[in-house]
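The values are calculated or read from the model by the stated rules, or taken from the named source; none is laboratory data. Treat the numbers as computed from the prediction; the structure is a model and nothing was measured. When we count neighbours, we look across all protein chains shown, and the Cβ atoms used for this are built from the backbone with ideal geometry, even at glycine.
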Amino acid sequence: MSKRIDVKDLNVYYGDFLAVEDVNINIEAKSVTAFIGPSGCGKSTFLRTLNRMHEVLPGARVEGEVLLDGDNLYGHGVDPVSVRAQIGMVFQRPNPFPTMSIRDNVLAGVKLNNKKITKGAADALVEKSLLGANLWNEVKDRLDKPGSGLSGGQQQRLCIARAIAVEPQVILMDEPCSALDPISTLAIEDLINELKDQFTVVIVTHNMQQAARVSDKTAFFNIAGTGKPGKLIEFGDTHSIFSNPSQKATEDYVSGRFG
Amino acid sequence: MTNTPLTTQGAGRTGDKVFSGAALAAGCLILAVLFGVALFLVVQALPALVAPPDKIQGGHGFFAYIGPIVVGTLIAAVIALVIATPIAIGVALFISHFAPRRLASGLGYVVDLLAAIPSVVYGAWGAAFLAKEIAPAYEWMASNLGWLPIFQGPASATGKTILTAGIVLSVMVLPIITSISREIFLQTPKLHEEAALALGATRWEMIRMAVFPFARPGVISAVMLGLGRALGETMAVALVLSSGALTASLIQSGNQTIAAEIALNFPEASGLKVNTLIAAGLVLFVITLGVNMVARWIITKHKEFSGAN
Amino acid sequence: MTATAPVARKRSAFTKGQLPKAAPYVILAAALVVGAAVMALIGFNPFGWGIVSAILFTIGLVSLTGITEGARKAKDKLATCLVVGSFLIALLPLVSVIWTVLSSGIPGLLTPGFLTTSMNGVTGTFDNKSVEEGTKVLGGVYHALMGTLQITLVATIISVPVGLLTAVYLVEYGNDRALARAITFFVDVMTGIPSIVAGLFSAAFFFALVGPGTKTGAVAAVALSVLMIPVVVRSSEEMLKIVPNELREAAYALGVRKWRTILKVVIPTAISGIASGVTLAIARVIGETAPILVTAGFATTINNNVFGGWMASLPTFIYTQILNPTSPSNPEPSAQRAWGAALVLIILVMLLNLVARLVARVFAPKTGR
């Protein structure tokens, strides 16, 4: 239930503006990879190209290849919708559907796609997904209450449960803790550690300690100046990026001298 | 599960295409309807425009027929605006800057109730209540202000005059002008208002220094939208006015508006008379379309301007 | 501690030279008394009393302020008086209309059979008889009420899908294209079409399509749709716009198609606002008279077929009963029926407004724990 991602010579454009230039990266299956870098360096943009979510914005386009176990996401005839069914995403701010109960939120991926599912299978899927998101014990007595009644951290774990309920190969997380308090953040970080047993996880974070705590590998993105494209500067084991970076820019950033 | 193909055909994509196509078609239908309104009015009006003059009501051709009632329409609309504009601005200011904040939204709702009352009820009220009550005032105007052509006697004993119709119209356009002006007054940048107050201005001076200059284009377009409504309103005039030939005096019976002329005559009309009335409707359509487009254009320009603030 | 506080309460430097707080009330009382006296001389009526007192109050307050506080403050007071006065003037017609409708309409509405009978067979002779012998007024609004409900229902069935889909196009697919901007502009222009022109359009359309003189409920419904669609588009557009983009992205990230996202996530989230906007649009067109006048004709009997034959409606019923009383020599019974119908119509409109507010509140997405 987990696939690797290989990115080859990827350029991302908004209209004529080159936002991210020439990224090559290999992300292992069942690992946690963190993207770090200063604001506006294109790490979130790049993350969104991994499940074609950037196409929601008008004018966004991509050159190069993103291979999911060898299949190019941008190949001829590939449907972005089926890409997103295999590569899920969790967003910066928790966004449960306000019209749905907790249970329906978890089942949203199934129900919105009008797939037939028996009640027993649905119950099992809800329990499995909420257990997988470490949320089951907190909400099992109020599955029919609206999801927006939960706390921020619980809402974010509900969103993770919703993402894993569609059984994706990869889960992308775009600064999932930036809107949460420290205790909720800790719960999510613990969860990320468990998720990598089943999924390939890619996380964008502003918080270097968080990257150091949760990830196996870290990619550092940087930008030369406003109006210039973002670039992947260095990619390697998290331990070596933080303790022994090969690039001067990386060292400046992780030691807090810049950004 | 592990080997789902990335390419899927059929059902899903078709749904997307059908749905976006339907949405696009609905949008185009609206443009088609507006175009159709113009087209069908022109087609059905054409016989009246090309008919020999003696066949048209009055015997002097279409333009001799439509001319006086266009003027009558304008007279009624101008009366309505002259009365409604100052009151509407006052009401809007009251709700936006004078009333206690907790009361303001409730009072706004009360004014919106004026817009909720059907026009035929206003017409009935104007005919049965207002005309009777206001007739003595017309007598007084005729005897004291009769030297002015617009108040020339003898005053109508029933009170069913163009001035009464204009007053009823003013009640109907009041909520339109009020609600738009209120929105614009509320959008005045707080910083400008506070700057004026910090200079020691009284509330009225603050309104003149900060609110009015900001709101002027918006209020102008609000008045123009009210004008569009007053030009096209039917019932208030059809029920209130006892119509007749074009006269300068506002307190005698006489004058007629396009909308009321159509409403009063269309149900019994046949043959060329139908085409004549549709042609009259076309004239009304063109006039209101022009007024509304100018008003919308001012609002759009104003939006761009206030967006920069 | 030695007492340093002043023995007598002095006025602070800030309030020096100001009118005392009670001054406006004193002036108001004086204005009311003087106003009553003036009116007693020329013949008393409450309306005139109010006007005269208001003018006296304004003059009194402004001139006193001018003497004690200066011209600038006096101008401010004058502006306040004018603004408050214009609000009170605006309330006059509202109160007067509601009072007229209630006082003239309740006898009509309470006549037995008013809501359950039509005008079928009710002629001037019956009205003359009821005036001369004081018997109850015959005839009712059943046919008009049914006509209004059916015509409005058909108009709603036409307008809601077209209006809602257009709003979806503008918000979800438009992307500020030239076509989307053109639609927005012309929808705004359409809101200003005079209602009688909408009626003439529908009449001209059916005259050309079906044959001259075609007047049915359906023709009226098309005319009302022309008036209703722009209102539905504008309100639905506003409601769809405030659905957070995050919800759309969340659905896309689950591999949900755009059309299913719109149908199952965006519209349900906005449904309370959309429904309340549609209800307000219905309330607006249900009282339209002019377009029905030129499209559905007048009927005195019950007609439940919107596609054939003339059809009555409440607004046209009011109009004809006032303009062409059933018995020209005794118009009172017709007036009573007209005001009864006006009361029914206003109750309908107010109910719809109330429903719209309730819908907005009850169906709003729940956020409580």
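State whether the residues of segment B:183-190 include one that is within 14 Å of another protein chain (Cβ to nearest Cβ) and either in a helix (DSSP H, G or I) or surrounded by 18 or more Cβ atoms within 10 Å (Cβ to Cβ) (or both). Yes, there is a match, as at least one residue in segment B:183-190 is within 14 Å of another protein chain (Cβ to nearest Cβ) and either in a helix (DSSP H, G or I) or surrounded by 18 or more Cβ atoms within 10 Å (Cβ to Cβ) (or both). Taken as a whole, the structure leaves B:VAL110 outside the set of residues that are part of a helix (DSSP H, G or I), touching a residue at least 40 places away in the same chain (Cβ under 8 Å) and within 30 Å of B:ARG182 (Cβ to Cβ). Taken residue by residue, segment C:170-193 has at least one member that is free of Cβ contacts under 8 Å to residues at least 12 places away in the same chain, in a loop (DSSP other than H, G, I, E, B), touching a helix residue (DSSP H, G or I) at 6+ places or on another chain (Cβ under 6 Å) and facing chain B (nearest Cβ under 7 Å).
Total residues in segment B:24-46 satisfying the condition of being touching a Leu at 6+ places or on another chain (Cβ under 6 Å) and surrounded by fewer than 23 Cβ atoms within 10 Å (Cβ to Cβ): the figure is 1.
Counting only residues that are farther than 13 Å from A:THR49 by Cβ and surrounded by 15 or more Cβ atoms within 10 Å (Cβ to Cβ), segment A:2-17 holds 4 of them.
Across segment C:169-205, which residue is nearest to B:PHE35 (Cα to Cα) among those that are buried (at least 24 other Cβ atoms within 10 Å of the Cβ) and hydroxyl-bearing (Ser, Thr, Tyr)? Restricting to residues being buried (at least 24 other Cβ atoms within 10 Å of the Cβ) and hydroxyl-bearing (Ser, Thr, Tyr), the top hit is C:SER202. Residue count for segment A:180-213 satisfying the condition of being in contact with a Ser or Thr (Cβ under 8 Å, 6 or more places away or on another chain) and either assigned to a helix (DSSP H, G or I) or without any contact (Cβ under 8 Å) to a residue 12 or more places away in the chain (or both): 4. As a summary of the residue check, B:ASN255 satisfies the conditions (1) at negative phi; (2) not in a helix (DSSP H, G or I) except for the one numbered (1).
Going through (1) part of a loop (DSSP other than H, G, I, E, B); (2) within 14 Å of the chain's Cα centre (by Cα); (3) within 13 Å of another protein chain (Cβ to nearest Cβ) one by one, A:ILE171 falls short only on (1).
Here B:ILE79 meets each of (1) under 15 Å from the mean Cα position of the chain (by Cα); (2) part of a loop (DSSP other than H, G, I, E, B) with one exception, condition (2). Of the set (1) under 16 Å from the mean Cα position of the chain (by Cα); (2) within 14 Å of chain C (Cβ to nearest Cβ); (3) among the charged types (D, E, K, R), all apply to A:ASP104 but (1).
Checked against (1) in contact with a His (Cβ under 6 Å, 6 or more places away or on another chain); (2) not in a helix (DSSP H, G or I), A:ASN26 passes all but condition (1). In segment A:219-240 there is at least one residue matching the filter, namely being surrounded by fewer than 24 Cβ atoms within 10 Å (Cβ to Cβ), in a strand (DSSP E or B), aromatic (Phe, Trp, Tyr) and touching a helix residue (DSSP H, G or I) at 6+ places or on another chain (Cβ under 9 Å).
Scan segment B:47-69 for residues that are at positive phi and surrounded by fewer than 16 Cβ atoms within 10 Å (Cβ to Cβ) and the total you get is 2. The listed residues are C:THR100, C:THR125, and the only one of them that is of a type in the set (Val, Ile, Thr), on the phi < 0 side of the Ramachandran plot and more than 9 Å from chain B (Cβ to nearest Cβ) turns out to be C:THR125. Restricting attention to segment A:22-49, the residues being surrounded by fewer than 17 Cβ atoms within 10 Å (Cβ to Cβ) and farther than 20 Å from A:GLY88 by Cβ number 6.
Does C:ASN324 meet the test of being within 11 Å of chain B (Cβ to nearest Cβ) and surrounded by fewer than 22 Cβ atoms within 10 Å (Cβ to Cβ)? For C:ASN324, the condition - within 11 Å of chain B (Cβ to nearest Cβ) and surrounded by fewer than 22 Cβ atoms within 10 Å (Cβ to Cβ) - is met.
Residues of segment A:102-136 being among the basic types (Lys, Arg), without any contact (Cβ under 8 Å) to a residue 40 or more places away in the chain and assigned to a helix (DSSP H, G or I), which ones? Result: A:LYS111, A:LYS119, A:LYS128.
Among the criteria (1) in contact (Cβ under 8 Å) with a residue 60 or more places away in the chain; (2) more than 9 Å from chain C (Cβ to nearest Cβ), the one A:ARG93 does not fulfil is (2). For segment C:275-282, the criterion of being more than 20 Å from A:ASN51 (Cβ to Cβ), part of a helix (DSSP H, G or I), within 10 Å of another protein chain (Cβ to nearest Cβ) and under 21 Å from the mean Cα position of the chain (by Cα) is met by at least one residue. Criterion applied to B:GLU133, B:GLU139 was being more than 8 Å from chain C (Cβ to nearest Cβ), charged (D, E, K, R), in a helix (DSSP H, G or I) and surrounded by 15 or more Cβ atoms within 10 Å (Cβ to Cβ), and the one residue passing it is B:GLU139. Does B:LEU277 fit the bill of being facing another protein chain (nearest Cβ under 8 Å), farther than 30 Å from B:TRP147 by Cα and either assigned to a loop (DSSP other than H, G, I, E, B) or in contact with an Asp or Glu (Cβ under 9 Å, 6 or more places away or on another chain) (or both)? Judged against the criteria, B:LEU277 is a match.
From the list A:ASN24, A:ASN51, A:ASN72, the one residue that fits, being polar (S, T, N, Q) and facing chain C (nearest Cβ under 9 Å), is A:ASN51.
Each row is one residue, and each column tells you yes or no for (1) within 12 Å of chain B (Cβ to nearest Cβ); (2) within 22 Å of C:GLY217 (Cα to Cα); (3) under 16 Å from the mean Cα position of the chain (by Cα).
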| position | (1), (2), (3) |
| --- | --- |
| C:ALA312 | no, yes, no |
| C:PRO315 | yes, yes, yes |
| C:GLU332 | yes, no, no |
| C:GLN336 | yes, no, no |
| C:ALA342 | yes, yes, yes |
| C:LEU354 | yes, no, yes |
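In this structure, A:VAL66 does not satisfy being under 21 Å from A:ILE233 (Cα atoms), away from chain B (no Cβ under 14 Å) and of a type in the set (A, V, I, L, M, F, W, C).
Being in contact (Cβ under 8 Å) with a residue 12 or more places away in the chain and either closer than 14 Å to C:LEU145 by Cβ or hydrophobic (A, V, I, L, M, F, W, C) (or both) is the requirement here; does C:LEU323 meet it? No: the conditions fail for C:LEU323.
If you go through segment B:108-127 one residue at a time, do you hit one that is modelled with pLDDT of 85 or more and over 20 Å from C:MET350 (Cβ atoms)? Yes: segment B:108-127 contains one or more residues that are modelled with pLDDT of 85 or more and over 20 Å from C:MET350 (Cβ atoms).
Within the span defined as segment C:225-241, every residue fails to be more than 7 Å from chain B (Cβ to nearest Cβ) and not in a helix (DSSP H, G or I).
In this structure, does C:THR269 turn out to be among the polar types (S, T, N, Q) and more than 7 Å from every other protein chain (Cβ to nearest Cβ)? It is false that C:THR269 is among the polar types (S, T, N, Q) and more than 7 Å from every other protein chain (Cβ to nearest Cβ).
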